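These notes concern the structure reproduced below.
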Amino acid sequence: MSDFVIIDGDTAMFMPNFGAAIVVVQPGQITGSGPATFGGSPMCIDGDETSVEVPGCMYMTPQYSIPGTGTLKIDALASDQLATKSTTDGTALILKGGNFTAKFEVQSPAQMPPPPSTPDATPFYSGNGNFITTNSKYTAS
């Protein structure tokens with residue numbers, strides 16, 4: 001099935017639910033590195049999802065209610081987010097598709113209220129997100 005191609009500068013939107021953690025999400029931007037362009041912007045290819053990093057997002061859990069901070073990243077694309085037929089220089093294009101798997105990496109752990117002020121020992125939480133593209137014309141499959 002054909003879907004819109006993700007291009008340089010498109011938005012990665014993250015859902016706030018990351019398992020037990022609720023994250024105050026902010027959008028991220030993907031950087032395209034494909035040699036092919038659309039409207040003067042490089043198309044995004046397999047691997048470009050690693051360019052998305054959103055640091056400084058606050059989070060908390062029911063147990064750890066004093067907020068901590070961390071970084072949102074794309075952990076893995078969904079199967080419908082990589083073109084199976086359309087490539088540029090042999091690398092699959094990234095498509096809008098459904099939801100990618102996201103990762104929230106804890107930098108400053110949330111804490112329990114005093115006492116005992118125990119920090120959250122979980123190093124990361126998993127969640128989801130999707131792409132919002134400015135490309136409304138070029139599709140691939």
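Some observations on this one:
- Whole-percent carbon and sulfur share, accessible surface of segment 1-113, 1.4 Å: 53
- With both labels modelled 7 Å from their Cα along Cα-to-Cβ, the Thr118 to Ser2 distance reads 5.6 nm.
- Cross-link partners of Lys96 among aspartates and glutamates, defined as those whose alpha carbon lies under 14 angstrom from its own and excluding same-chain residues fewer than eight positions apart: Asp3, Asp8, Asp10, Asp46, Asp48, Glu49, Asp80.
- Gain on full extension, evaluated as 0.36 nm per residue between Met13 and Ile66 minus their Cα-Cα distance, stands at 16.6 nm.
- Ser108-Thr139 pseudo-label distance in nm [points 7 Å out on the Cα-to-Cβ vector]: 4.6
- Alpha-carbon centroid distance for the pair segment 40-60 / segment 86-131, whole angstrom: 11
- Inter-probe distance in nm under a simple model that places probes 7 Å from Cα toward Cβ, at Lys85 and Thr101: 2.8
- Placing +1 on the Cβ of every Lys and Arg and -1 on the Cβ of every Asp and Glu, with no other charges, gives the chain a dipole of roughly 220 debye about its Cα centre.
- For segment 41-117, the per residue solvent-accessible surface stands at 47 Å², with DNA, RNA and ligands left out and a 1.4 Å probe.
- For the chain, the relative contact order is 31 percent, taking Cα pairs closer than 8 Å that sit 6 or more residues apart in sequence and dividing their mean separation by the residue count.
- Rounded FRET efficiency, nearest 0.05, which uses the C-beta distance separating Val24 from Ala76 and R0 of 22 Å: 0.45
- According to the Cα-based calculation, Rg over Rh for the chain is 1.09, with Rh computed by the Kirkwood formula.
The values are calculated or read from the model by the stated rules, or taken from the named source; none is laboratory data. The structure presented is a predicted model; accordingly, all values stated were derived computationally and were not measured. Here Cβ is always computed from backbone atoms with ideal geometry, including for glycine, and neighbour counts include all displayed protein chains. Surface accessibility is based on the protein's heavy atoms, side chains included, excluding ligands, DNA and RNA. Shrake-Rupley method; radii C 1.70, N 1.55, O 1.52, S 1.80 Å.
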